[in-house]
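Accompanying notes for the structure given below.
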Amino acid sequence: MKIFDIIRMAFRNLFRSKVRTILTVLGIIIGTTAIIIMLSLGIAMNVSYREQMSRMGSLNVINVYPNYDNIQTGRRGRNDVWVEPTISQEELDKIKQIPNVEAVTPFYQTSVKMEIGKYLGYVTIVGIEPDAMASLEYKAAEGRLLNPDDKMQIVFGSNMKDQFYNPKEMRRGRMYFGWGGSGEEKDINFLEDRINMTFDMSYGDRYPGSQTGKKPKLYRVEGVGILEEGNWETAYQAYMNIHELVKLDQEYKQQQANPDQKNRKRKTEEVGFQQAKVKVNEIKNVLEVQEQIRAIGLNAWSMAESLEAANKTQGVMQGVLGGIGAISLLVAAIGIANTMIMAIYERTKEIGIMKVIGARIKDIRRLFLYEASMIGFIGGVLGIAFSFGISYLLNTVGVRFLGGMGMGMPDAKLSIIPVWLVLMGMVFSALIGLISGFFPARKATKLSALSAIHTE
């Protein structure tokens, strides 16, 4: 028999018992839908977590900190006082020699007070190597990033307006809320307004009767860029050339020091750093570079490390969810096997006649295998269609429902069905049908032709 003839007979036999076929296909639809939706929920959680991690920083970047676990990294001063451990320039030079490292920059972080028109702001300012900003994937929404020859130029985070307040409003009893602000739209233009900066954190907040002390030194700085929104790490910080920031901060500390301390001149080159960032060429090399940094004696952490740990947890979760769906598909497979066995008992005489008129054993086997595979394939296709429908409802109605309860993000997805999952669903359902039909087909080929013909 030709393959086309076998396929046509298989279709005709399926529609001979419509109700039983429909119920069997329904079982496959339920099983396929269950396994696809369960896996799509796990995929969506993984994608959502990855997007959240990317908002917190690049997956190719390693954050380096001093080794606070090892007390011997501290240095004793003249007064036998432990100095906080820092990252030295020598250690940074060693990191630059590690393979797959694209860029290294120390971070020097301090707090300053800024004045823009009628507003004052408590600002966390970070010193960074200007050349490293582009390598670390900082992107300017307005203006530009820092240049190597910049000195008093500053790049602001996207939400820096929230750090400013009107001192007159505070004197009237209104509160300063810091991050997130008070809801007032502040008339601040970082790129055009005159900006004064000082290291004196009490500047502008002196009240009658308070100790004014020395007149604070003001520095005229220039805003040259505003970073893009979406990165939580950079949203509330300002960035400046690290060499200039270290120099200004050391000058201020020298001014505030007592006479004995002023005699101990500190050189800028001797200043250690609280943090550094390392850009790696590819994500796959991040963990390896991270281990080599730890071998130098520093602490290292990256988003990629957190993502790997999360992927392991979510892999287990996806396995559990997929297992729940697979149980439904297993039940459907038993239903296919039951349907095919019943078909053999009902068509025993037909099988006997086919053997008598010369049908080959492999043709009879193919007939029943094709029937079982068709049930699986049809159920799989319909199951995939139902899966897309349920996924759409989860991503529209479900997201709105969770958003109304304050439990979700408006751009989040609860279910994601990639192409590979669709193909896997189709192939797996057809394969389940084929496997389920193997033993019934084998049973059909072993029937005696004479006994089958005499069966009523």
When each of K168/K215; K284/K312; K96/K312; K96/K277; K2/K443 is checked by Cα-Cα distance, pairs over 19 Å: K168/K215; K96/K312; K2/K443
Sorted by Cβ density within 10 Å, fewest first, the residues S415, S158: S158, S415
Gain upon complete extension [E288, Q89; 0.36 nm per residue less C-alpha separation]: 69.5 nm
Karplus (6.51, -1.76, 1.60) ³J(HN,Hα), θ = phi - 60°, over segment 295-308, in Hz, Gly and Pro reported as x: 5, 5, x, 10, 8, 9, 9, 9, 5, 4, 5, 5, 5, 5
Residue-count net charge about K277 - beta-carbon cut-off 12 Å; Lys, Arg +1, Asp, Glu -1: -3
Of K18/K413; K151/K186; K161/K413, pairs whose Cα-Cα distance is over 29 Å: K18/K413; K161/K413
Computed lengthening from I296 to K253, 0.36 nm per intervening residue step minus Cα-Cα distance: 12.4 nm
Potential lengthening between K443 and N147 on full extension [0.36 nm per residue; Cα-Cα distance subtracted]: 98.6 nm
Hypothetical label at R220: residues of segment 120-161 whose amide nitrogen lies under 11 Å (7 Å Cα-Cβ projection): none
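Read-outs throughout are calculated quantities, based only on the coordinates presented, and are distinct from any laboratory measurement. In this text the structure is predicted, and so the values were computed from the model without any measurement. Note: ideal-geometry Cβ built from the backbone for every residue, glycine included; neighbour counts use all protein chains shown.
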